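Working notes for the structure below.
The values are calculated or read from the model by the stated rules, or taken from the named source; none is laboratory data. Everything numeric in this text was worked out from a predicted model, so none of it was measured. Cβ: placed from backbone, ideal geometry, glycine included. Neighbour counts: every protein chain shown.
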Amino acid sequence: MAIPTPAHHRLRLLFVDDEQHLREFMKTELPRLGHEVTVCPDSKTALEVIKKATFDAAILDMRMEHDKAGLTVLAALKQASPDTEAVIMTGYGSTETAVEALRLGAFDYLTKPCKLADIEALLLRIQEKRKLKHKAAALETRVQAAEGPGGLIGTSPAMLPVRQFVERIGPTEGRVLITGETGTGKEVVARAIYTQSQRADMPFVPVNCGALTQTLAESELFGHKRGSFSGAEKDRKGLFEVANGGTLFLDELGELDKNIQVKLLRFLEAGEIRPVGSNEPIIADVRVISATNRDLRQMVAEGTFREDLLFRLNMFHIHLPPLRDRKPDIPDLARHLLARAAKRPVEAVAHLLGHDVLGVLMDDYWQGNVRELANAMEYAWIMSGGQPITPTHLPLANRTPRTPARPAAYEAPAAVPFPTAVSTGYHPHPAHVPSSSGKTLADIEMEYILQVYAKNNSNKQATAAELGISLKTLYNKLHKYEEERQQRAG
């Protein structure tokens, strides 16, 4: 008894041939293979059918009313449904005919008389191709769901330096370290850099370092040879080899095991990897972009992250501001995220977000940043049923005032800041920096702000971008500090 073909593997077939006995044969046998079939006796009938229905695949006789009737149907079929795979059959095979059929988009070419087994083999190949297409589409959907809106969205003062710097370093081969709180969109920035690089037609391979177990991390990243450890039943390529010629994105870099850090450093220094169980190195041409929400300087001081690795990865540094400090971007972000939740174009859903709900969104603190906003938009889309969204459709947490409290990892910034995307080398007079003894929390914050301000040569926009605060907030803090300094001096 034949095993039924799963519904998602079943093909809708069009069979066109002027031989009646062959049409009757296919009308019986193709359904036995698990497919639906529509048969046509000539090209004229087939052309009418194509206007009314779509097919996954078609088997077309080359010679019917005239020598190239099959090619006429093929051309019309590919124009009406480019994804339909077509197979040309003829008893008068020639190289020229095959080339012409392939040029018009035929999947393959068969010479009559052909066996049912030959047709079955071709249909299996078509099924496999469709499965790969669907898998790629599903993967892309998951990537988009994880990374937030496609491309960099936002022109606020806090985001403008980020956008400019991405445009500047994208076409280079330089390694980039992206920092920022969880949910700020670090992978979105990494992909923006990738799409502007010379490697944009090669793989972009994201790796969540926090999801790599200590025992399997080396195999996942660098690959392994058969028999190198229990369960290694065949050779496996590592993600570095998969990304060869393209870009590897190491997310949650701070979670990387110290032993793996050594091997990563080796690759950055020599451009080669060594699979587990192999004595032969493999050369890999990979651009590395990494991201973290952790203070790597502090980890270096604690001995949990290698300083030499930090230097290698931190050729360029981009700090992403939290959403609460780029509030002018919230309306555009909300519209794009709502469109993603609705699976519709932005222009089709933008009108659903009125001024009342946008006001609520602008007032929220957004502890979870863009990721939290994405969740809120998906929630609102479901609760509104596709109707205009009001504040009552938002999650309770987003319509209830919350006490601002920065994540613990960002309460005390590192004393030695990273080199920033747009830094220069100006230093203030020592008298303008708060004393290091008897400091309050406000003093520590102000000291850090002044360090970054000096390093950016008094460029307020660049300073605000590195600190992850708005220009208005920076102006207010500098003004307040100057007033207090003058009062102490007076």
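Worth pointing out:
- Subset of region 167-191 [under 21 Å from Lys327 (Cβ atoms) and not in a strand (DSSP E or B)]: Gly180, Glu181, Thr182, Gly183, Thr184, Gly185, Lys186, Val188, Val189
- The one condition from (1) assigned to a loop (DSSP other than H, G, I, E, B); (2) at pLDDT 90 or above; (3) out of contact with any strand residue (DSSP E or B) (no Cβ under 8 Å at 6 or more places or on another chain) that Ser197 does not meet is (3).
- The residues in region 340-354 that are surrounded by fewer than 17 Cβ atoms within 10 Å (Cβ to Cβ) and either closer than 20 Å to Thr155 by Cβ or in the same structural domain as Leu474 (by TED's automatic domain parsing) (or both) can be counted, and the count is 3.
- Whichever residue in region 200-216 is under 15 Å from the mean Cα position of the chain (by Cα) and modelled with pLDDT of 85 or more and, among such residues, is farthest from Arg274 (Cα to Cα): Ala200
- Flag if Gly174 is in contact with a strand residue (DSSP E or B) (Cβ under 9 Å, 6 or more places away or on another chain), in contact (Cβ under 8 Å) with a residue 40 or more places away in the chain and surrounded by fewer than 21 Cβ atoms within 10 Å (Cβ to Cβ): yes
- Some residue of region 28-38 being of a type in the set (S, T, N, Q) and in contact with a strand residue (DSSP E or B) (Cβ under 8 Å, 6 or more places away or on another chain): yes
- Scanning region 88-95 finds one or more residues that are over 30 Å from Asp325 (Cα atoms), at pLDDT below 85 and part of a helix (DSSP H, G or I).
- When residues in region 461-484 are screened for being assigned to a helix (DSSP H, G or I) and in contact with a Pro (Cβ under 9 Å, 6 or more places away or on another chain), 9 of them pass.
- Test result for Lys263, touching a Lys or Arg at 6+ places or on another chain (Cβ under 8 Å), exposed (fewer than 14 other Cβ atoms within 10 Å of the Cβ) and either in the same structural domain as Ile193 (by TED's automatic domain parsing) or under 21 Å from Arg191 (Cβ atoms) (or both): no
- Of the strands (runs of 3 or more DSSP E) entirely within region 12-73, those holding at least 2 residues that are in contact with a His (Cβ under 9 Å, 6 or more places away or on another chain) occupy 12-16.
- Check on Leu337, buried (at least 19 other Cβ atoms within 10 Å of the Cβ) and farther than 24 Å from Ser290 by Cα: yes
- In the condition set (1) under 26 Å from Val176 (Cα atoms); (2) touching a Gly at 6+ places or on another chain (Cβ under 7 Å), Leu323 is compliant with all but (2).
- For region 267-319, residues that are without any contact (Cβ under 8 Å) to a residue 60 or more places away in the chain, under 22 Å from Pro203 (Cβ atoms), surrounded by fewer than 21 Cβ atoms within 10 Å (Cβ to Cβ) and of a type in the set (A, V, I, L, M) total 5.
- Pairs where the first residue, in region 213-233, is in contact (Cβ under 8 Å) with a residue 24 or more places away in the chain and among the hydroxyl-bearing types (Ser, Thr, Tyr) and the second is part of a loop (DSSP other than H, G, I, E, B) and surrounded by fewer than 10 Cβ atoms within 10 Å (Cβ to Cβ), C-beta under 7 Å, 6+ apart: none
- Residue that is farthest from the chain's Cα centre (by Cα) [pool: residues in region 180-197 that are among the aliphatic types (A, V, I, L, M) and surrounded by 23 or more Cβ atoms within 10 Å (Cβ to Cβ)]: Ile193
- Residue list for region 200-216, filter: of a type in the set (Gly, Ala, Ser) and assigned to a loop (DSSP other than H, G, I, E, B): Ala200
- Residue within region 320-334 that is more than 30 Å from Met362 (Cβ to Cβ), modelled with pLDDT of 90 or more and surrounded by 20 or more Cβ atoms within 10 Å (Cβ to Cβ) present: no
- Pairs with Cβ under 7 Å, 6+ apart, first in region 31-42 and modelled with pLDDT of 85 or more, second surrounded by fewer than 17 Cβ atoms within 10 Å (Cβ to Cβ) and among the acidic types (Asp, Glu): Leu33/Glu120; Pro41/Asp18; Asp42/Asp18; Asp42/Glu65
- For region 375-399, filtering for residues that are buried (at least 17 other Cβ atoms within 10 Å of the Cβ) and of a type in the set (A, V, I, L, M) leaves 5.
- Test result for Ser219, assigned to a helix (DSSP H, G or I) and at pLDDT below 90: yes
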